[in-house]
1. Lysine pairs in the chain 8 or more apart or on different chains: how many have alpha carbons under 21 angstrom apart?
2. Can you give the percent of C-alpha pairs in the chain whose distance is more than 20 Å?
3. Given the options TYR96, PRO145, GLY120, identify the residue whose Cα lies farthest towards the positive end of the charge dipole of the stretch 90-161 (+1 on Cβ of Lys, Arg; -1 on Cβ of Asp, Glu).
4. Which whole-Hz couplings ³J(HN,Hα) result when phi for each residue of the stretch 54-64 is put into the Karplus expression 6.51 cos²θ - 1.76 cosθ + 1.60, θ = phi - 60°, listed in order with x for Gly and Pro?
5. Given the peptides 87-98, 42-53, arrange them by the average over their residues of other C-beta atoms within 10 Å, most packed first.
6. Roughly how many Å² is the accessible area per residue of the stretch 15-160, as a whole number, for a 1.4 Å probe?
7. Run the numbers on the stretch 88-161 and let me know its relative contact order in percent, using alpha-carbon pairs under 8 Å that are six or more apart.
8. Treating only the Cβ of Lys, Arg, Asp and Glu as charged (+1, +1, -1, -1), what charge dipole size does the stretch 38-155 show about its Cα centre? Round to the nearest 20 debye.
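The values are calculated or read from the model by the stated rules, or taken from the named source; none is laboratory data. Small disclaimer: the values here were computed from a predicted structure and weren't measured. As a convention, Cβ positions derive from the backbone with ideal geometry for all residues, glycine included, and neighbour counts pool all protein chains shown. The area values use the complete protein model at the heavy-atom level, side chains included, leaving out ligands, DNA and RNA. Shrake-Rupley method; radii C 1.70, N 1.55, O 1.52, S 1.80 Å.
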Amino acid sequence: MKIAVCPGSFDPVTLGHIDIIERAAELFDKVIVVVMSNSTKHAVFSVDERVQLVRRCVKHNNIEVDTYSGLLVDYAKQKNAVAIVKGLRAMSDFDYEFQQALTNKSLLPQVETVFLTAKGENMFLSSSMVKEVCSLGGDISRFVPNEILEDVIKRCKGDIK
Ligand code: ADP
């Protein structure tokens, strides 16, 4: 069974993330979305809330959602994953992602990093952009799945940092 992991902070999950996760689910037997809890970014949603939000949005039944706070390659090894799937947006993602992929490859050579290109309409979509637009009262319905729209608005609207 070919298992892939899709790591990220997902604070909150966006249509960009969901597109990558669902496409990965077509390519692999099982996809584990890993909500990483060791991010240095200030999170608006708790790890458990982020897991629940992702679970409500994914459609394929070969997708699992889990959390991890350690080194991603240790998690991948533990789960016998063959790939780490990442989404690539603009060139601005490239340097960082390339560096991470090379580091992970040297730490765990048997796991490949697979990049899926973002859909054109998701090229500029990020969780931080969603939070900023929402906090200022903008319409985020084209950026986050319908299933979680109300929850994201409730948490982020008026939450100006
Ligand atoms: P963000 O960069 O929005 O904080 P994460 O750290 O949760 O997102 O990212 C998890 C993964 O999802 C990364 O591989 C990232 O490149 C990818 N990703 C994030 N936003 C998009 C998008 N709009 N389209 C495609 N992939 C994306």
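1. Lysine pairs satisfying the spacing and distance rule in the chain number 27.
2. Details: 6381 of 12880 pairs.
Across the chain, Cα pairs with separations above 20 Å total 50 percent.
3. PRO145
4. 5, 4, 6, 9, 7, 9, 4, 8, 9, 10, 10
5. 42-53, 87-98
6. On the way: 8260 Å² over 146 residues.
Roughly 57 Å² per residue, with all protein chains present.
7. Working: 43 pairs, mean separation 20.4, N = 74.
Dividing the mean separation by the residue count of the stretch 88-161 yields 28 percent.
8. Working: 15 positive and 15 negative charges, 19 e Å.
Computed about the Cα centre, the dipole is about 80 debye.
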